[in-house]
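Some notes on the structure that comes next.
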There are 2 protein chains.
Amino acid sequence: MVVNPYYSEDLHGPHQTFELGDFKLEMGEIIRGCKLLYKTHGKLNQKKDNAILFPHMWSGTPKAMEGFIGKGRPLDPEKYFIILPGQFGNGFSSSPSNTPTPHDRGAFPKVTIGDDVVAQHRLITEQFGIEELQLILGWSMGAQQTYEWAVRFPDMVKCAVPFAGTARTTPHNYLWVTAFEDALKSDPNFNDGFFEDARLCHVGLRRHSQLWGVMGLCQEFYKKETWRDVGFSSLEDFQHGFWDAYFLPMDPNNLICMGWKWKHGDVSRHTCGDLRAALGGIKAKTYVVAFTHDMFFPMADCEAEQKMIPDSELRIVNSLWAHFGMFCMSPSEKEQIDKILFDALHA
Amino acid sequence: MVVNPYYSEDLHGPHQTFELGDFKLEMGEIIRGCKLLYKTHGKLNQKKDNAILFPHMWSGTPKAMEGFIGKGRPLDPEKYFIILPGQFGNGFSSSPSNTPTPHDRGAFPKVTIGDDVVAQHRLITEQFGIEELQLILGWSMGAQQTYEWAVRFPDMVKCAVPFAGTARTTPHNYLWVTAFEDALKSDPNFNDGFFEDARLCHVGLRRHSQLWGVMGLCQEFYKKETWRDVGFSSLEDFQHGFWDAYFLPMDPNNLICMGWKWKHGDVSRHTCGDLRAALGGIKAKTYVVAFTHDMFFPMADCEAEQKMIPDSELRIVNSLWAHFGMFCMSPSEKEQIDKILFDALHA
């Protein structure tokens, strides 16, 4: 198996490693020598009451969330101890691309959002002795993890801010993830996930990134040629320079592993399928954030769940970047998101 | 080349043939022995002032439009002479699947919406001596043809009703068609369009129909399990029984041929790219019909064009079936569409 240079600390910065040992997964298999890689910013205070947990989205690593952290901003490392856990399948924590045989590549076991959250729980309790999180937040699959935390450990979460994600994956969203997975698998060299080098699967990766071009943004984005605002010269230049450039260096098995988690995200499995009961048990003050134009997690889907959470508010981030409003491509999104985080930390 | 039993009159009813001879296409090539196949309902009166033209959508044939025609309904064959032209690439009119070498299969030339409309113009003038259409209407690519008619022959169209389509294909829509085309081309047996039998390409056809499952309907449709209303038992049953069952018998080259026309639909090519000038020249009373939840032709895109048409109105069809509201899966859509057509014919 060729080592993929994309998943290197040169590109993603230094990580710390938390050894999970023989980690039993929700679906039944065990990852032996399982690892959770993470980053931290700031310092845990003596009372251990300044911790924020900020898991990342599908396809990302902790680095993707660091842009929200900064002196003078709501997530201020001079005040808070901010933990950025890597999710399984991200290429740093245990993943298809870095796990030895027999669990390598196409044989990597199915992991769930619940497995990520259990691993994170062990990290913050065993490694740091933290008993309560001041805030847990996340975008997209980070939101799924946020919901899982708030439902699973209601007494440990003071405030929760899920951005552009749902507590239970909707059927349309399930179809969407299946479609982009199948695009990756369609590569003539995919070989049931047992390719030697991800670069051999560039046809599938490109086909997959093309679908992100269609569903990841919105009609109005393209009509207004919003890509011009960030320096692209044509629609084709945007497709290649934005989507292909982002996805081509990645490992298809890692994306599929994280996609399976995404598809099966459902906090109601803790309450025999009763979503109202699951969300009704959340004790955290919760700000459910929906993004206008988001085709994955439409405002209506986010709002329907928000209404089931006792101490919650719906907040809207307005952006033509749709689901990718989180990237703060214009100052407006940064302002809107910082305002929500400020309110959350001062609720 | 194996004859595809799907494109037979047994399944689609009898057609008439209009011989176009050596037909020069907008993009420059000539189809020799070019044919336009069509159906008619009702009789042309002596004054020749009761003709309605009703072109069909992408992937369809004239049969798909016959459900809107009936005694006592707005499109009443006892009053009107209704012409249902086949579009190029539909498997009956000249298409990749039925054209002899050297223009067979993957070598079929690029055709445009303009070519369809020129062929239809020859049909109604040369074959029937019609000088004015009382109404031209169509859904989706039928709407594209409707706009092309109204812009190209403004003095020949009394009323135009484009349903769920645009006069100029939007960039997002272009990306969408490219994505589903590429799914068809991804089939391991596609062979650059030179497969012997479309049934060999079922993997690509299924991949393509999966994308229609994602983009062709809307999030709310799946959330409400609207597919139950038409007898499907599960999400998977709907995917296979609705989308796969519809697309699997078809010819990928035909779908790609029609898709290329769809992508390049743009009436502003008659006015050097000035869409306002093109639409501003329409003389027909025009009812622009947008479908709620349509992800291909969102209401905002339809409305933006409507505002450029002098004597026009925007009408909305409300349906969870999104773009496929046209299929009248519930009585509500039939009522809404019939009402619009009644108004159009009595304007």
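The values are calculated or read from the model by the stated rules, or taken from the named source; none is laboratory data. What you see is a predicted model, and the numbers here were worked out from it, not measured in a lab. Because the Cβ atoms are built from the backbone with ideal geometry, glycine has one as well, and the counts that use them run over all protein chains shown. In case anyone asks, the SASA skips ligands and DNA or RNA and just uses the protein heavy atoms, side chains included. Shrake-Rupley method; radii C 1.70, N 1.55, O 1.52, S 1.80 Å.
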Next item on the list: Please go through the stretch B:200-211 and pick out each residue that is more than 10 Å from chain A (Cβ to nearest Cβ) and open to solvent by less than 10 Å² (accessible area, probe 1.4 Å).
Entry: B:201, B:205, B:208, B:209
Check: Within the stretch A:305-323, which residues are within 14 Å of another protein chain (Cβ to nearest Cβ) and either touching a His at 6+ places or on another chain (Cβ under 9 Å) or surrounded by fewer than 16 Cβ atoms within 10 Å (Cβ to Cβ) (or both)?
Finding: A:320, A:321, A:322, A:323
Next item on the list: Pull up the stretch A:275-292, narrow it to residues that are surrounded by 20 or more Cβ atoms within 10 Å (Cβ to Cβ) and of a type in the set (A, V, I, L, M), then point me to the one that is nearest to the other protein chains (Cβ to nearest Cβ).
Entry: A:290
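Just checking, which of B:295, B:326, B:299 is open to solvent by less than 40 Å² (accessible area, probe 1.4 Å) and either within 14 Å of another protein chain (Cβ to nearest Cβ) or over 19 Å from residue B:214 (Cα atoms) (or both)?
On the way: B:326 fails: either within 14 Å of another protein chain (Cβ to nearest Cβ) or over 19 Å from residue B:214 (Cα atoms) (or both); B:299 fails: open to solvent by less than 40 Å² (accessible area, probe 1.4 Å).
The match here is B:295.
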Next item on the list: Output the residues belonging to the stretch B:225-257 that are in contact (Cβ under 8 Å) with a residue 40 or more places away in the chain, closer than 15 Å to residue B:211 by Cα and open to solvent by less than 30 Å² (accessible area, probe 1.4 Å).
Entry: B:247, B:252, B:255, B:256
Item checked: Residue check for residue B:90: modelled with pLDDT of 95 or more, assigned to a loop (DSSP other than H, G, I, E, B), assigned by TED's automatic domain parsing to the domain that holds residue B:340 and within 15 Å of the chain's Cα centre (by Cα) -> yes
Checklist line | the stretch B:164-182, subset more than 8 Å from chain A (Cβ to nearest Cβ) and among the hydroxyl-bearing types (Ser, Thr, Tyr), residue most open to solvent (accessible area, probe 1.4 Å) | finding: B:169
Margin query: Being in a strand (DSSP E or B) and open to solvent by less than 40 Å² (accessible area, probe 1.4 Å) is the filter here; which residues of the stretch B:20-32 pass it?
Written below: B:20, B:21, B:23, B:31
Notebook entry, point to check: Could you give every pair whose Cβ atoms fall below 8 Å, whose first residue belongs to the stretch A:121-145 and is under 16 Å from residue A:66 (Cα atoms), and whose second residue is open to solvent by 30 Å² or more (accessible area, probe 1.4 Å) and charged (D, E, K, R), counting only separations of at least 6 or pairs across chains?
Noted result: A:135/A:158
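Take residue B:184 and tell me if it is closer than 18 Å to residue B:89 by Cβ, touching a residue at least 12 places away in the same chain (Cβ under 8 Å) and in contact with a His (Cβ under 8 Å, 6 or more places away or on another chain). Full working, then the answer.
Numbers: closer than 18 Å to residue B:89 by Cβ: yes; touching a residue at least 12 places away in the same chain (Cβ under 8 Å): yes; in contact with a His (Cβ under 8 Å, 6 or more places away or on another chain): yes.
Yes.
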Margin query: Checking residue B:115 against (1) assigned to a loop (DSSP other than H, G, I, E, B); (2) at pLDDT 95 or above: exactly one of these is not met. Which one?
Written below: (1)
